[in-house]
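Report on the following structure.
Throughout, read-outs are computed from the coordinates displayed, never taken from laboratory work. If you're wondering where the values come from, they're calculated on a predicted model, not measured in any experiment. In this analysis, Cβ positions are derived from the backbone assuming ideal geometry, glycine residues included, and neighbour counts consider all displayed protein chains.
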Amino acid sequence: MHIPPALRRWSVRLVLAVVVATVIGYLPAQVLRRDPRTVKLREQIDALDAEARALAVGNAALRREIRGLATDIGAVEERARADLGMAYPDEVVFRVAGPAGGEP
């Protein structure tokens, strides 16, 4: 079977183009994996992902606290007593100092 020279030439060019595209796409990825800058950036991304997860957990806790303060009068009273030092008019409040360096 005879293959025309033009078809053979374009077939070889196509195969070479596929090989070159594969090499261009594969080699930089292999080189970048060993690059210290890439490793450092990957570590930074991992650290930022961990920080984002921690912040998401904190945000969820704050949302629960907001929901509780919006719906529960007892939570509002407890918060006013603890944070603002508020008391009812007929109450007497005694503050006891804790150990040195601790919270009062």
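Structural remarks
- Selected from PRO36, PRO28, PRO89 as most flexible by GNM, with the chain as the system and alpha-carbon contacts under 10 Å: PRO89
- Along each principal axis, Cα extent of the chain, largest first, Å: 110, 37, 16
- Along region 35-45 the Karplus relation, 6.51 cos²θ - 1.76 cosθ + 1.60 evaluated at θ = phi - 60°, assigns HN-Hα couplings of 6, x, 5, 5, 4, 5, 5, 5, 5, 5, 5 Hz to successive residues, with x for each Gly and Pro.
- The dipole here belongs to the chain: it is taken about the Cα centre, uses +1 on the Cβ of Lys and Arg and -1 on the Cβ of Asp and Glu, and is about 1500 debye.
- Shape category assigned to region 49-88 from the gyration tensor of Cα positions, a/c cut at 1.5: oblate
- By the helix-only formula, in which each DSSP H run with n ≥ 4 contributes -39500 (n - 2.57) and the sum is divided by residues, the chain has a 222 nm mean residue ellipticity of -26500 deg cm²/dmol.
- Computing FRET efficiency as 1/(1 + (r/R0)^6) for LEU16 and ARG37, where r is the C-beta to C-beta distance and R0 is 30 Å, gives about 0.40.
- Local electrostatic count, LEU84, Cβ distance below 15 Å [Lys/Arg +1, Asp/Glu -1]: -1
- Compared with the direct C-alpha span, the chain from TYR26 to ARG81 gains 13.4 nm at full extension, assuming 0.36 nm per residue.
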